[in-house]
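**Q** Next up is a structure, given as structure tokens.
The values are calculated or read from the model by the stated rules, or taken from the named source; none is laboratory data. Everything numeric in this text was worked out from a predicted model, so none of it was measured. So basically every Cβ, Gly included, is an ideal-geometry build from the backbone, and we count neighbours across all protein chains shown.
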Amino acid sequence: MRISDYLKIDCIKIPLNSMKKKEIIKELLTLISEVYEEIDEEDAFKSVIEREKIETTAIGNGVAIPHARKKNITKVYFAFGITKKGADFNAIDEKPVNLVFLILCPEKKANIQISLLARLSRILHDKKLRKKLSNCKTGQSVIDLFTQYEKQHFS
Amino acid sequence: MKLIILFLNKIEYLEDLLSAFLEIGVPGATILDSVGMGHIISHDIPIFAGLRDFFGGSSPTNKTILVLTKNDLIPKMDEVLKDVTGYDKKSGIAKMISVPVDELFGFEK
């Protein structure tokens, strides 16, 4: 499983216009729903917010991975954005968030969700990677960065 | 000689199970407090908190029972485990595996 396989240039936004948690989530969901007509943006938004209520998905070091499992989808949908300034995401380290990954997974494929979240959290522990990612100006540079990193670190 | 590793998820069966093991001749066991990975990741690592329903059946704690035994006792242990707990493949009450033992050190002959 490679994160680079899930990153699509049309679902990456740099910088994001929004600065608030819910608006950021909406903005990323809009990207997905504009590319994939089958995604009901409002419905997905409710699910992501429900998940946020359980515990924050802002894992620290400026990274948040809001996500949800959906009954009515059959594949993974992925979006990424970088905020202009750090946004308040109720992070576990209370630091502002600037790197936001949004993931929608099929409900029946929890194993994919586990693998994706695990891989993403592990990669984003790398301080150098986070810095390079924060400096990305285009969607293609994000895809290239993940492609190169995963090629280097994962067989 | 085999090492039996028994994961008991419903710990309320522990006392009855140990008594039943003694009845069939299991001479001793080491019992460890343990926690399943599913419970740890969904409760202690915030990013996986959304998977709590997925790991819904996982107990906060379980017991890992280690038993060193002769091969012929193993079918009896399985029978006793079924009698006491009613475990099967789907129940998640218990799981048991056996591992061959090559050599023993520090044991009486």
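**Q** Got a sec? Which of B:Asp16, B:Asp72 is more than 30 Å from A:Ile92 (Cβ to Cβ), in contact (Cβ under 8 Å) with a residue 60 or more places away in the chain and loosely packed, with under 14 Cβ neighbours inside 10 Å? Don't jump to the end; show me each part of the working.
**A** Details: B:Asp72 fails: in contact (Cβ under 8 Å) with a residue 60 or more places away in the chain.
Criteria check complete, one pass: B:Asp16.
**Q** If you don't mind, there's one more thing I want to ask. State which residue is nearest to the other protein chains (Cβ to nearest Cβ) when the search covers only the stretch A:114-151 and only residues that are within 30 Å of B:Gly38 (Cβ to Cβ) and out of contact with any helix residue (DSSP H, G or I) (no Cβ under 7 Å at 6 or more places or on another chain).
**A** For the stretch A:114-151, the residue satisfying everything is A:Ala118.
**Q** Restrict the check to the stretch A:134-142 and report whether at least one residue is farther than 16 Å from A:Pro15 by Cβ, of a type outside the set (Asp, Glu) and modelled with pLDDT of 95 or more.
**A** no
**Q** Are any of the residues in the stretch B:57-69 modelled with pLDDT under 95 and within 14 Å of chain A (Cβ to nearest Cβ)?
**A** Within the stretch B:57-69, one or more residues are modelled with pLDDT under 95 and within 14 Å of chain A (Cβ to nearest Cβ).
**Q** Here is a further query. Test A:Thr56 against the stated conditions and say whether it is surrounded by fewer than 15 Cβ atoms within 10 Å (Cβ to Cβ) and either at positive phi or in a loop (DSSP other than H, G, I, E, B) (or both).
**A** Answer is no for this residue.
**Q** Anything in the stretch B:57-85 that is assigned to a loop (DSSP other than H, G, I, E, B) and in contact with a helix residue (DSSP H, G or I) (Cβ under 9 Å, 6 or more places away or on another chain)? List them, or say none.
**A** B:Gly57, B:Ser58, B:Ser59, B:Pro60, B:Thr61
**Q** Which of the following residues is among the polar types (S, T, N, Q), closer than 27 Å to B:His43 by Cβ and out of contact with any Cys (no Cβ under 9 Å at 6 or more places or on another chain): A:Ser155, A:Ser121, A:Ser134, A:Ser141?
**A** Matching residue, one of A:Ser155, A:Ser121, A:Ser134, A:Ser141: A:Ser121.
**Q** Turning to a different aspect of this structure: For the condition among the acidic types (Asp, Glu) and assigned to a loop (DSSP other than H, G, I, E, B), what is the one hit in A:Glu37, A:Glu27, A:Glu42?
**A** A:Glu37
**Q** Given (1) over 29 Å from A:Ile54 (Cβ atoms); (2) crowded, with 16+ Cβ neighbours inside 10 Å, identify the lone condition not met by B:Ile24.
**A** (2)
**Q** Sort through A:Lys137, A:Lys95, A:Lys108, A:Lys132 and tell me the only one that's assigned to a helix (DSSP H, G or I) and basic (Lys, Arg).
**A** A:Lys132
**Q** Okay, moving on. So, of the residues in the stretch A:65-94 that are within 14 Å of another protein chain (Cβ to nearest Cβ) and among the β-branched types (Val, Ile, Thr), which turns out to be farthest from A:Phe146 (Cα to Cα)? Break it down stepwise before answering.
**A** Step one: of the stretch A:65-94, the residues within 14 Å of another protein chain (Cβ to nearest Cβ) are A:65-71, A:89-94.
If we keep only those that are among the β-branched types (Val, Ile, Thr) too, we end up with A:65, A:92.
Details: A:Ile65: 16, A:Ile92: 25 Å.
Looking at residues that are within 14 Å of another protein chain (Cβ to nearest Cβ) and among the β-branched types (Val, Ile, Thr), I get A:Ile92.
**Q** B:Ser42: within 20 Å of A:Asn111 (Cα to Cα), of a type in the set (Ser, Thr, Tyr) and not in a loop (DSSP other than H, G, I, E, B), yes or no?
**A** So B:Ser42 passes the test.
**Q** Would you confirm whether or not the stretch A:74-88 contains a residue that is in a loop (DSSP other than H, G, I, E, B), touching a helix residue (DSSP H, G or I) at 6+ places or on another chain (Cβ under 9 Å) and of a type in the set (Asp, Glu)?
**A** Within the stretch A:74-88, not a single residue is in a loop (DSSP other than H, G, I, E, B), touching a helix residue (DSSP H, G or I) at 6+ places or on another chain (Cβ under 9 Å) and of a type in the set (Asp, Glu).
**Q** Also, I was wondering about something else. Can you say whether A:Glu107 is exposed (fewer than 15 other Cβ atoms within 10 Å of the Cβ) and either out of contact with any Gly (no Cβ under 7 Å at 6 or more places or on another chain) or away from every other protein chain (no Cβ under 11 Å) (or both), as far as the supplied structure shows? Before you say what the answer is, go through the steps one by one.
**A** Details: exposed (fewer than 15 other Cβ atoms within 10 Å of the Cβ): no; either out of contact with any Gly (no Cβ under 7 Å at 6 or more places or on another chain) or away from every other protein chain (no Cβ under 11 Å) (or both): yes.
Criteria not met by A:Glu107.
**Q** Quick check on my filter: what residues within the stretch A:24-39 are modelled with pLDDT of 95 or more and of a type in the set (D, E, K, R)?
**A** Those that are modelled with pLDDT of 95 or more and of a type in the set (D, E, K, R): A:Lys26, A:Glu27, A:Glu34.
**Q** Search the stretch B:45-56 for residues being assigned to a loop (DSSP other than H, G, I, E, B) and at pLDDT 75 or above, and hand back the single one that is nearest to the other protein chains (Cβ to nearest Cβ).
**A** Step by step, filter the stretch B:45-56, then rank; the result is B:Phe54.
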